[in-house]
Amino acid sequence: MTTTLTPEILSALEQQAVEVPSWAYGNSGTRFKVFTTAGTPRDPFEKIADAAQVHRHTGLAPVVALHIPWDRVDDYAALRDFASEQGVAIGTINSNTFQDDDYKFGALTHEDDRIRRKAIDHHLECIDVMDRTGSRDLKIWLAEGSNYPGQSDLRARQDRLQDSLQTIYARLSDEQRLVLEYKFFEPAFYHTDVPDWGTSYAQVAALGDRAMVCLDTGHHAPGTNIEFIVMQLLRLGKLGSFDFNSRFYADDDLIVGAADPFQLFRILVEVIRGGGLNHPDVTFMLDQCHNVEAKIPGQIRSVLNVQEMTARALLLDGEALAAARSDNDVLAANEIFMDAFYTDVRPALAAWRESRGLPADPMRAYARSGYQQRIEADRVGGTQASWGA
Ligand code: PSV
Ligand code: MN
Ligand code: MN
C-alpha cells in the first residue's frame, strides 16, 4: 500500500533534523582490520564538508557531532565558521576516555584521584570546545567496568562517578547540557559502570535538570523492548538524545533501520507519542560506522531510513487506535498499528522532496553530483581520518 501524506504530516516532517557523527566519514573497521578508502577525510574540516553533502541532498542533516580528541583543532571558531559556510552547524561534543593507558582501570570512576582528575579535566576541555562551537550537549560514554567478579568495588565506583559528574556538570553554562550514554557491556565484560538506562537516570537525576540520558539503540541486550525505555525516559523528562544505529548481535553500529525497520518504527511511534519530533529536549543523532560500504551514501541512506519510518509512524491513526484500545479489541489495535508500518511512503516522500527543491532520489543525486570523484582526486597525501584517530 502506498499513500499520500497530509499537510500536517509534511509539516511535522519538515521540522525533522538528524545529527550526523563526524566519525562516520572516517575509515573504520573491526578489531581485525580497518579498511582505507579513497577520498576519506584527512581532518575535521573535510569530515564536515562530507557531512554537509548529506544535508545538501536530503535537507535532513543540518548538524554534525564532533568527537574530542579525534576532531581536535587549533581554532574551533574557524571550524564553526567553516561548518556554517557549508550549510551545517556543529552539534554534540563527544568525550573520549577509552584510548589512554591511564584509563585501563577506569576514568571518571578511577580509584586514583590523579587519573580521575585527568578524566574530569578532559571533560572540562570538551566544555571549552562547546563554548567555542556553540554546542549545547556534552555526551559522555564511559568504557568503564571490570572483567572479573571481585575485581572492583561496584558501589564505590558509582559514588566516584557521581562525584566526577558533579564537577563536570558544575562547569556547564545555563544553555548547555550533559547527556550520559549507557551500554550493557564492552569493553568490560563482567560489569559496566553505566550499563543501563536506570543507572544513567539515577546518575543524571542527582545532577539536575540539564543532565539527561542518551539512548544508543545498539547498547541493549538482544530482545530488549527499547521503545518502552523511550516511552519511560520521555515520560520522566530525561531523554536527552538518541544514538541511532542498528545491530544484529551487539554494538554493530550498522545503518539505522537496516537490521530491524519495525523496531525503528516502534521507537518513533513512542517519540511522537511522547512529545514529537520537535521535542526540544531530544537530539536525534546517528552513531554509526561504515566499514565496508561507501560512507557519504551510507549516511544518506541512514537519514532517509529515519525519515521514512517517521512518516510511517506519523500515519498511525491515533483515533482509531484509541477506540480499538478502549474496546480491548486487541486484533483491531494491532492491525491499525501494522497498517501504518506496512505503508510505503517512499513515492510520497520523493515527490515532497522535489517540491522543496531537493532531489527526489538523494542516493542517485549524490552519485551523479561528482563529489565523490572530486574528493578521491583531491584528497591525496596526508593521513586519512579513522574511527579512533
Ligand atoms: C562505543 O560503544 C561508542 O559506539 C559509543 O556508542 C559512543 O557513543 C561512540 O562510541 C562514540 O564515542
Ligand atoms: Mn553511541
Ligand atoms: Mn556504541
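The values are calculated or read from the model by the stated rules, or taken from the named source; none is laboratory data. This structure is a prediction, so every number in the text was calculated from the model and none was measured. Every residue, glycine among them, receives a Cβ derived from its backbone with ideal geometry; neighbour counts consider all protein chains shown.
Can you tell me how many residues within the stretch 99-149 are among the acidic types (Asp, Glu), surrounded by 21 or more Cβ atoms within 10 Å (Cβ to Cβ) and closer than 20 Å to ALA65 by Cβ?
Of the residues in that region, 1 qualify.
Of the residues making up the stretch 183-196, just one is away from ligand 2 (no atom under 14 Å from the Cβ) and either in a strand (DSSP E or B) or at pLDDT below 95 (or both), namely HIS191. Among all positions in the stretch 212-232, there is no residue which is more than 15 Å from ligand 1 (Cβ to nearest atom), within 23 Å of ARG116 (Cβ to Cβ) and among the small types (Gly, Ala, Ser).
Just one of (1) surrounded by fewer than 16 Cβ atoms within 10 Å (Cβ to Cβ); (2) more than 15 Å from ligand 1 (Cβ to nearest atom); (3) closer than 23 Å to HIS219 by Cα fails for ASP74. It is (3). When the stretch 13-67 is filtered for residues that are in a strand (DSSP E or B), of a type in the set (A, V, I, L, M, F, W, C) and under 18 Å from the mean Cα position of the chain (by Cα), the ones remaining, listed by number, are VAL20, VAL63, VAL64, ALA65, LEU66. The single condition among (1) closer than 25 Å to GLY91 by Cα; (2) outside any helix (DSSP H, G or I) that THR224 does not meet is (1). Please enumerate the residues belonging to the stretch 38-63 that are more than 20 Å from GLY382 (Cβ to Cβ) and touching a residue at least 40 places away in the same chain (Cβ under 8 Å). Matches in the stretch 38-63: VAL54, HIS57, THR58, GLY59, LEU60, ALA61, PRO62, VAL63.
Would you point out the residue of the stretch 233-256, among those that are buried (at least 17 other Cβ atoms within 10 Å of the Cβ) and away from ligand 2 (no atom under 16 Å from the Cβ), that is farthest from VAL306 (Cα to Cα)? Once the filter is applied, the top-ranked residue is LYS238. When the residues of the stretch 180-220 are narrowed to those that are within 14 Å of ligand 3 (Cβ to nearest atom) and hydrophobic (A, V, I, L, M, F, W, C), which ends up nearest to LEU154 (Cα to Cα)? Step by step, filter the stretch 180-220, then rank; the result is VAL194.
Does THR199 satisfy being within 16 Å of ligand 1 (Cβ to nearest atom) and either outside any loop (DSSP other than H, G, I, E, B) or more than 26 Å from ASP131 (Cβ to Cβ) (or both)? For THR199, the condition - within 16 Å of ligand 1 (Cβ to nearest atom) and either outside any loop (DSSP other than H, G, I, E, B) or more than 26 Å from ASP131 (Cβ to Cβ) (or both) - is met. Between GLY26, GLY87, the distinction of being in contact (Cβ under 8 Å) with a residue 24 or more places away in the chain, touching a strand residue (DSSP E or B) at 6+ places or on another chain (Cβ under 6 Å) and either closer than 17 Å to ASP253 by Cβ or surrounded by fewer than 23 Cβ atoms within 10 Å (Cβ to Cβ) (or both) belongs to GLY26 only.
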